[in-house]
Ligand SMILES: Nc1ncnc2c1ncn2[C@@H]1O[C@H](COP(=O)(O)OP(=O)(O)OP(=O)(O)O)[C@@H](O)[C@H]1O
Ligand SMILES: [Mg+2]
């Protein structure tokens, strides 16, 4: 019950950290969506680019998060952003690219060519086919990619506390340093809850956004 | 309306043309059926017309305008297109699917609403029930109807239909074909229609184009293909039973014996029986005073009787109408024990008689070069 007691004593601080955490993650994911989805769409037009982009994104995924944060510091300190939220966001954006790009690309490519043919045959422009047929049909798979990116970012975001980005990781690392179990637990449980809740919210939004005609 | 001149298509990376030097003209208001075995180039030929596939050489004209001079997007918006695989948009309702081209052409919502209902009625799907369904909630046949309705949405003068009834079982296919022909007789579109099925081709086509390995083998009316196949390939394709297939094309009117021997119900039994004996008839049709078919009498019924023929007349339970096709008539005839079937018009007026002899004559008839069919065999008239 000490964890609960810790939370009651420090709920204000916990919410603060959760807020920071949420802010870093949502900034990162928003940027990742607005870059990853267009990249995913763009590479459907170009097989060579697709291979390259997916390869690079795959490599970034394999870099351990702590190492990526480490790389960020010297790179971004050139611009005066070595530590803090900026490198954290940049790193999370990079991590989020793979699931988002890969799902966007796969979903659009998987649209039945006959359905695209019907659209083109009725006089849709390339853009209209994309906007009215391919994207709506790809939406749920793209969404699945975004969900993976969000949940992953919430987890990795905890590590960003190491480079001074704040967030719930702060409790975890400080707790480890001080061997203060209640603090560690409070941080980890909050991160886990945040991930589960966000995933649930995204599932709900997805349900509203994706056409009923695509549900099986 | 649609004219192809020496059209050839060679897909990149292949050296055998998929469509080879085809000349073809589709008249306004006609259904031109493209038929041939799988892979012979039907779809390729059709897709060159709306520029989905670039032409390798040759020219296609629509209304005397080279299609290359028309913006492809514009062109396609004015040609109805129903693809082989139906291709309904799964994320859109029936309404939205049908509204696709009207929306591209920026129709007002009210006009689209009306048009969607009109089209759903046309393909015999209750608008209130189907408007808001998604494609996954439709049967194959219903989906195919929506595909056809979608192609017709803006009432385009030209339609390309790639096996539009391909996914439907034979019974429902017949129903759809009949519906479609009925619609076509009102709207008179210029239609290019692909099928695998020679029966469908004969039934639907004003003209049939038979393709083989990208080449046009024969182009002509269904009757020309059946009666005058150009070579062995065409013969094989239309089938050994092509004489029987002509039954689909011919109407009772074409084969019936007009003005058949008959008597009136008020005629005297003895004189009628006498006349029948003289002519060697043991069966005679009986009309009422207004020349409507009342029934028939047999010689045996009249034997040693007196009075009016009307008193001995048996009703004719199975009759056909002159506009019915011969195939239906034949099947009725086979169930009718006296081997003839009588044609009456809608008022019941006696029009003619079909018997096995006249049928055999008509079916066996070869096409005569001068465009005439066969001499009408008129016989008998009133027996007294
Ligand atoms: N994109 C393509 N690239 C290369 N060859 C093609 C392409 N599309 C079709 N072909 C070839 O062209 C020929 C004609 O194909 P097409 O699709 O026109 O046949 P079809 O008559 O419509 O056949 P089906 O009745 O099976 O639909 C076939 O031999 C096919 O393999
Ligand atoms: Mg085909």
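Coordinate-derived values only; no laboratory data. These numbers come from a predicted model, not from an experiment. Backbone-built Cβ (ideal geometry, glycine too); neighbour counts: all protein chains shown.
Descriptive notes on the structure:
- Calculated P(r) tail over 16 Å for segment A:131-216, as whole % of Cα pairs: 60 percent
- Between residue B:270 and residue B:244, the C-beta separation translates, for a Förster distance of 41 Å, into a calculated FRET efficiency of about 0.40.
- Ellipsoid semi-axes for segment A:3-211, based on the Cα gyration tensor and the rule √(5λ), read 38, 20, 12 Å when sorted largest first.
- Inter-site label distance for residue B:303 and residue A:67 at 7 Å from Cα along Cβ, in nm: 11.2 nm
- Mean-square fluctuations from a GNM of chain B, with a 10 angstrom spring cutoff on Cα atoms, peak among B:334, B:68, B:225 at B:334.
- Per-residue mean of foreign Cβ neighbours for B:134-142 is 2 (Cβ atoms of other chains, 10 Å radius).
- In chain A, the longest principal axis of the Cα atoms and the axis of helix A:169-178 are about 30 degrees apart.
- For chain A, built as a Gaussian network whose Cα springs stay under 10 Å, the top-fluctuating residue of A:161, A:118, A:18: A:118
- C-alpha long axis of helix A:2-43 to longest principal axis of chain A, angle in °: 30 degrees
- Shielding of B:32-38 by partner chains, average beta-carbon count, 10 Å: 0
- Note on segment B:2-241: Cα-Cα pairs beyond 25 Å make up 42% of the total pair count.
- Paramagnetic reach from residue B:183 (point 7 Å along Cα→Cβ, amide N under 11 Å) across segment B:122-145: B:122-125, B:144-145
- Efficiency of FRET between residue B:103 and residue B:292 - r from beta-carbon atoms, R0 56 angstrom, step 0.05: 0.50
- Each helix, a run of at least 4 DSSP H residues, gives -39500 (n - 2.57); summed and divided by the residues of chain A, these come to -27000 deg cm²/dmol at 222 nm.
- Ranking of A:21, A:13 by count of other Cβ atoms within 10 Å, fewest first: A:13, A:21
- Peptide B:89-98 is shielded by partner chain Cβ atoms: per residue, an average of 5 of them sit within 10 Å of its Cβ.
- Extending 7 Å from the Cα toward the beta-carbon at both residue B:61 and residue A:60 defines two label points whose distance is 5.7 nm.
- Chain A: angle of helix A:47-62 to the longest principal axis, Cα-based, in degrees nearest 10: 10 degrees
- The sum of -39500 (n - 2.57) across all DSSP H runs of n ≥ 4, divided by the residue count of chain B, sets its helix-only mean residue ellipticity at 222 nm to -9500 deg cm²/dmol.
- Rh by Kirkwood over Cα pairs, then Stokes-Einstein D for the protein assembly as shown at 1.306 mPa s and 10 °C, µm²/s: 52 µm²/s
- Once the chain from residue B:334 to residue B:215 is taken as fully extended at 0.36 nm per residue, the excess over their C-alpha distance is 38.7 nm.
- Linear extension gain, residue B:233 paired with residue B:317, 0.36 nm per residue minus alpha-carbon span: 25.9 nm
- For the options B:205, B:310, B:36, a Gaussian network treatment of chain B with springs between C-alpha atoms closer than 10 Å singles out B:310 as fluctuating the most.
- In units of the compact-protein estimate 2.2 N^0.38 Å, segment A:23-106 shows a Cα radius of gyration of 1.13.
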